[in-house]
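The values are calculated or read from the model by the stated rules, or taken from the named source; none is laboratory data. From a predicted model like this one, the values you see are computed outputs, not experimental measurements. Every residue, glycine among them, receives a Cβ derived from its backbone with ideal geometry; neighbour counts consider all protein chains shown. Heavy atoms of the whole protein, side chains included, go into the accessibility calculation; ligands, DNA and RNA do not. Shrake-Rupley method; radii C 1.70, N 1.55, O 1.52, S 1.80 Å.
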Amino acid sequence: MTTLSISPRAGFAALALTGMLLAGSAEAQITTPQPSPKSTVTQRVGLTDITITYSRPSLKGRTAFGAASPLAPLGKRWRTGANATTTIKFSDEVIMEGKKIPAGEYGLYSIPNKDAWAMVLNKNTKLGANVDGFKDEENVATFSAKTYKLLNKVETFTMNFSDLTPATANVDMQWENTGAKFRITTEVDAKVMAQINEKVVNGGAAVTPDNYAAAAVYYYDNNKDLKQALTWIQKANEKDPKFWNVQTEAKIRLKMKDYKGAITAAEQSKKLATEAKNNDYVKMNDDLIAEAKKGTSAK
């Protein structure tokens, strides 16, 4: 009987060869496009970042919301997309259709119906297509998304943000001939006022002209104390007046019906804008001067 002897060196060589073959096999795997590609859409609403992650199925000649649809049949729970569960993530607390939602990431499930979709935020983000495992006790909030008819057919399921304001946005879902949307509201005023109190009101000698100007603009835009806004913008303009900040002073004075003061500030801003070759601000100041002159003549 003959015994085959393998040296340790040969054994290590064989193992190395096997590892190389396995690695080569893994690297040789073919990657193809997914029928429902993954998409991520992020939007800052107010001071809050909102991120939706979902997969986008296409019609491919099928019906999206029919009673017997294989995609998203009416009256049945849906993962609001394809592949993995659709998720929505908030960096801060928000309000969704009147419901307070803590910061965090949630599964966004829906039950499409003709006039409205029943929307559900749930703690479970891992169900995918198998929504039979859905547990109501893990719900964070339920609300309704009103439907509307699309003018043009949408082949691929789409989610985006629309109707943006400084504190709100709609999440808009569109597919086939149907759209459905719901509103998200974020807390802005309390956060901005906290910054103003810290960096301007209680800032002492360290307050920068930029912060004075930002506080003044916020007060002007949100119809707060205009006298205080005027004080802040004047401090911003004391040492190094910028044409955009001087124009803010003109707007504040116009809003306070100080028409002569508004004209004086607008003329100064126009001069600075002309020197900077900024024609947009030149025109804005001309328009403001014309408006202020109407107010003067009306007295």
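For this structure, a couple of remarks:
- When peptides 244-255, 147-158 are sorted by average Cβ neighbour count within 10 Å, with the highest value leading, the order is 244-255, 147-158.
- Positive-end extreme of charge dipole, the chain - chosen from L288, V120, W78 (charges on Cβ): L288
- The mean of 1/r over all distinct Cα pairs in the chain, once inverted, gives the Kirkwood hydrodynamic radius of 24.5 Å.
- Portion, in percent, of the accessible area of the chain that falls on carbon or sulfur, probe 1.4 Å: 53
- Å² of accessible area per residue within the chain, as computed with a 1.4 Å probe and no ligands counted: 59
- Here the contact order of the chain, divided by its residue count and restricted to Cα pairs under 8 Å and six or more residues apart, works out to 10 percent.
- Kyte-Doolittle mean at least 0.0, axial Cα span of 20 Å or more - DSSP H helices of the chain: 8-27
- Rounded to the nearest 20 debye, the dipole magnitude of the chain is 540 debye, with +1 charges on Lys and Arg beta carbons, -1 on Asp and Glu beta carbons, and the Cα centre as origin.
- The charge dipole of the range 13-166, taken about its Cα centre with unit charges on the Cβ atoms of Lys, Arg (+1), Asp and Glu (-1) only, comes to about 500 debye.
- Accessible area (Å², 1.4 Å probe, nearest 10) - T296: 50
- In the chain, helical runs assigned H by DSSP with n ≥ 4 each contribute -39500 (n - 2.57); averaged across all residues and rounded to the nearest 500, the mean residue ellipticity at 222 nm is -11000 deg cm²/dmol.
- Coordinate range of the alpha-carbon atoms in the range 31-162 per principal axis, descending: 40, 33, 32 Å.
- Gained length - K135 relative to N223, 0.36 nm times residue gap less alpha-carbon distance: 27.1 nm
- For the range 119-170, pairs of C-alpha atoms spaced more than 16 angstrom apart make up 64 percent of the total.
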